[in-house]
Amino acid sequence: MVLAQLGGTITRAIRQMSNATVVDQKVLNECLNEINWALLNADVRFQLVRDMHNNVKRIVNFDDLAAGHNKRRIIQQAIFNELCNVLDPRTPSFTPQKGKTSVIMFVGSGKTTTCTKYAYYHQRKGWKPALVCADTFRAGAFDQLKQNATKAKIPFYGSYTESDPVKIAVEGVETFIKENSELIIVDTSGRHKQEAALFEEMRQVSEATKPDLIVFVMDSSIGQAAFDQALAFKQSVPVGAVIVTKMDGHAKGGGALSA
Ligand SMILES: Nc1nc2c(ncn2[C@@H]2O[C@H](COP(=O)(O)OP(=O)(O)OP(=O)(O)O)[C@@H](O)[C@H]2O)c(=O)[nH]1
Ligand SMILES: [Mg+2]
């Protein structure tokens with residue numbers, strides 16, 4: 001998996017810098033160039049790489065570092081902090097609580113599979129999840145969710161005949177509120193729908209079900225398109241979390257970090 005390789009390359013670059021006899025600007029530049037190259041190669045967005053590079057250079061100023069300072073440690077710490085910054089949303093995402101009912105809506109691509117994984121994961125930890133299929137657009141969508149839910153023994157709600165996703169979503173959520181479900185997971189439409197219509201439908205389902213959290217599911221193979229796609233979703237509905245899928249594939253995965 002490429003993200004693991006990326007980690008390996010970064011670790012190696014830092015180790016090389018730490019092992020240098022004298023740590024000076026040249027050694028730092030070499031180390032940063034190596035890291036930049038690895039990040040760009042893994043499809044990480046250029047702007048992110050550039051900002052990280054500039055921030056580390058700003059923090060590690062050799063003119064200001066007195067002889068006694070441990071330059072290796074300062075550089076390592078600066079690189080580590082900047083890498084973490086890329087992923088730090090700065091505000092914690094919504095955390096559901098056991099014993100209460102939370103509605104979680106999924107958008108993006110890979111939703112149905114990820115909804116089931118999310119529900120199954122929590123069920124195994126003693127939660128009471130339920131799945132609602134609000135994808136009334138794609139033929140077979142309800143069957144897919146039903147199959148997944150049945151296999152994982154998770155209660156589900158959907159319809160073969162109703163064509164209004166908002167109606168189904170609301171009915172499903174109401175049904176499971178009555179059953180004291182702790183996580184009501186709403187799966188929405190995606191594939192084969194015109195973009196404008198899809199975003200409008202997402203907005204309507206979101207307004208009607210008032211989810212506590214909207215999860216944007218993203219395919220790791222999306223590469224450089226990740227930033228624009230995440231932005232487009234966020235502009236339509238208040239996305240509160242991102243789940244990256246298909247990390248088992250051959251994708252570079254770095255593009256996903258932009259989301
Ligand atoms: N290898 C792999 N395949 C995945 C993963 N997640 C989803 N898939 C596959 O990707 C395809 C699409 O996944 P779905 O979960 O149906 O995506 P969706 O967003 O619900 O799609 P629509 O309902 O058409 O909008 C399916 O063939 C899944 O089996 C994953 O983590 N790894
Ligand atoms: Mg689906």
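The values are calculated or read from the model by the stated rules, or taken from the named source; none is laboratory data. Just so we're clear, the structure is a prediction, and the values are computed from it rather than from any experiment. Here the Cβ is made from the backbone with ideal geometry for all residues, glycine too, and neighbour counts use every protein chain on show.
Of the listed requirements (1) surrounded by 17 or more Cβ atoms within 10 Å (Cβ to Cβ); (2) touching a residue at least 12 places away in the same chain (Cβ under 8 Å); (3) outside any loop (DSSP other than H, G, I, E, B), Leu198 misses just one: (2). Checked against (1) outside the structural domain of Thr11 (by TED's automatic domain parsing); (2) at negative phi, Ile74 passes all but condition (1).
Restricting attention to the range 79-119 and to residues that are surrounded by 19 or more Cβ atoms within 10 Å (Cβ to Cβ) and aliphatic (A, V, I, L, M), the residue that is nearest to Asn33 (Cα to Cα) turns out to be Ile79.
Kindly provide the set of residues from the range 145-195 that are within 13 Å of ligand 2 (Cβ to nearest atom) and among the aliphatic types (A, V, I, L, M), ordered by number. Of everything in the range 145-195, those that are within 13 Å of ligand 2 (Cβ to nearest atom) and among the aliphatic types (A, V, I, L, M) turn out to be Leu145, Ala149, Ile185, Val186.
Only one entry of Val56, Val60, Val107 meets the criterion of being β-branched (Val, Ile, Thr), away from ligand 2 (no atom under 16 Å from the Cβ) and closer than 30 Å to Ile222 by Cα, and that entry is Val56. If you go through the range 139-168 and keep only what is touching a strand residue (DSSP E or B) at 6+ places or on another chain (Cβ under 7 Å), closer than 16 Å to Pro129 by Cβ and small (Gly, Ala, Ser), you end up with Ala149, Gly158. The residue pairs whose first member lies in the range 107-136 and is assigned to a helix (DSSP H, G or I), whose second member is of a type in the set (Phe, Trp, Tyr) and within 11 Å of ligand 1 (Cβ to nearest atom), and whose beta carbons are closer than 9 Å, counting only pairs six or more residues apart or on different chains, are Thr112/Phe106; Thr114/Phe106; Cys115/Phe106; Tyr118/Phe106. Could you check how many residues of the range 230-259 are under 20 Å from Cys115 (Cβ atoms) and either within 16 Å of ligand 2 (Cβ to nearest atom) or under 12 Å from the mean Cα position of the chain (by Cα) (or both)? The qualifying residues number 13.
Give the residue, chosen from Val27, Val22, that is free of Cβ contacts under 8 Å to residues at least 12 places away in the same chain, over 23 Å from the mean Cα position of the chain (by Cα), surrounded by 15 or more Cβ atoms within 10 Å (Cβ to Cβ) and not assigned by TED's automatic domain parsing to the domain that holds Ser221. When all the criteria are applied, what remains is Val27.
So, Asp43, is that one of a type outside the set (Lys, Arg) and touching a helix residue (DSSP H, G or I) at 6+ places or on another chain (Cβ under 8 Å) or not? Taking the combined requirement at face value, the residue satisfies it. Annotation note: of Pro211, Pro129, the sole residue that is in contact with a helix residue (DSSP H, G or I) (Cβ under 6 Å, 6 or more places away or on another chain), closer than 17 Å to Lys111 by Cα and away from ligand 1 (no atom under 14 Å from the Cβ) is Pro129.
Scanning the range 34-69 for residues that are hydrophobic (A, V, I, L, M, F, W, C), within 22 Å of Val22 (Cβ to Cβ) and surrounded by fewer than 17 Cβ atoms within 10 Å (Cβ to Cβ) yields a total of 5. Of the residues making up the range 58-66, not a single one is touching a Lys or Arg at 6+ places or on another chain (Cβ under 6 Å) and either part of a helix (DSSP H, G or I) or on the phi > 0 side of the Ramachandran plot (or both). Within the range 120-144, the set of residues being within 9 Å of ligand 2 (Cβ to nearest atom) and either farther than 26 Å from Gly249 by Cα or crowded, with 24+ Cβ neighbours inside 10 Å (or both) comprises Cys133, Asp135. Could you tell me whether the range 66-74 includes any residue that is within 28 Å of Phe227 (Cβ to Cβ) and either touching a strand residue (DSSP E or B) at 6+ places or on another chain (Cβ under 8 Å) or among the aliphatic types (A, V, I, L, M) (or both)? Scanning the range 66-74 turns up no residue that is within 28 Å of Phe227 (Cβ to Cβ) and either touching a strand residue (DSSP E or B) at 6+ places or on another chain (Cβ under 8 Å) or among the aliphatic types (A, V, I, L, M) (or both).
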